[in-house]
Amino acid sequence: MDFIEGEILYINKPLHWSSFRVVRVLRAKLCQKLKIKKLKVGHAGTLDPLATGVMVVCTGKKTKQIAALQAETKEYVAQIRLGATTPSFDLETEIDAEYPTSHISRELVSEVLQQFKGTIEQVPPLFSAVKVEGKRAYEYARKNEDIELKPKILVIDDIELISYDLPHILLRVVCSKGTYIRALARDIGEALHSGAHLTALTRTRVGGITLDDCLEMEEIDQFLAGI
């Protein structure tokens, strides 16, 4: 493999790791292996620290393919807790409000999910890297400053209820680039009149690449030793 000329690696991002940390660790290990000081390394699509799953990492000239790779359809498995909200729409922040869930049934959830299939508008989370007047949205959110984020057009190709165990539901979501599953959890909660937030997320596929194609971070040293 020629990492300087360019390669594409598929990594199962560990829980609590930032996407930047994955890139930084891989770059360091590759530079050590190749006995060089610098190497161009980038990823095609950020995963939040609280998410796991398929992460596409490019080196060398393959980094020119990042934009095309980011545009690939993605699949996620998401666990959502109904009846409670958080400011970040996930477990990064504490629960700020609770709501009744006694009116919710499996049938109602399945019915509501269909509202999100197809081309939809989604307002990104305040706790996100979306830029507003040159600053990231999360910079405003962490200072409790109010800003208005414009909705984005995106496509949900498929959304399926895998399991139902109130207050938790497990979903499979196939979607376009730019979809925030945290924001989808928020919107599903609002549609169910119960509030909701994301409690676990795994990206199971990017294009044709699945978790079965991915290296674990603890396997990297052994992988590099064998090439």
Confirm whether residue 2 is in contact with a helix residue (DSSP H, G or I) (Cβ under 9 Å, 6 or more places away or on another chain), surrounded by fewer than 15 Cβ atoms within 10 Å (Cβ to Cβ), charged (D, E, K, R) and touching a residue at least 24 places away in the same chain (Cβ under 8 Å). yes
Of those in the stretch 126-143 that are closer than 20 Å to residue 19 by Cα and part of a helix (DSSP H, G or I), the residue modelled with the highest pLDDT is 139
Unmet requirement for residue 175, which otherwise passes all of (1) more than 25 Å from residue 96 (Cβ to Cβ); (2) free of Cβ contacts under 8 Å to residues at least 60 places away in the same chain: (2)
Only listed residue being exposed (fewer than 14 other Cβ atoms within 10 Å of the Cβ), assigned to a helix (DSSP H, G or I) and either among the charged types (D, E, K, R) or in contact (Cβ under 8 Å) with a residue 40 or more places away in the chain (or both), chosen from 219, 148: 219
If I filter the stretch 41-58 for residues that are in a helix (DSSP H, G or I), in contact with a strand residue (DSSP E or B) (Cβ under 7 Å, 6 or more places away or on another chain) and not hydroxyl-bearing (Ser, Thr, Tyr), do I get at least one hit? no
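The values are calculated or read from the model by the stated rules, or taken from the named source; none is laboratory data. These numbers come from a predicted model, not from an experiment. In this analysis, Cβ positions are derived from the backbone assuming ideal geometry, glycine residues included, and neighbour counts consider all displayed protein chains.
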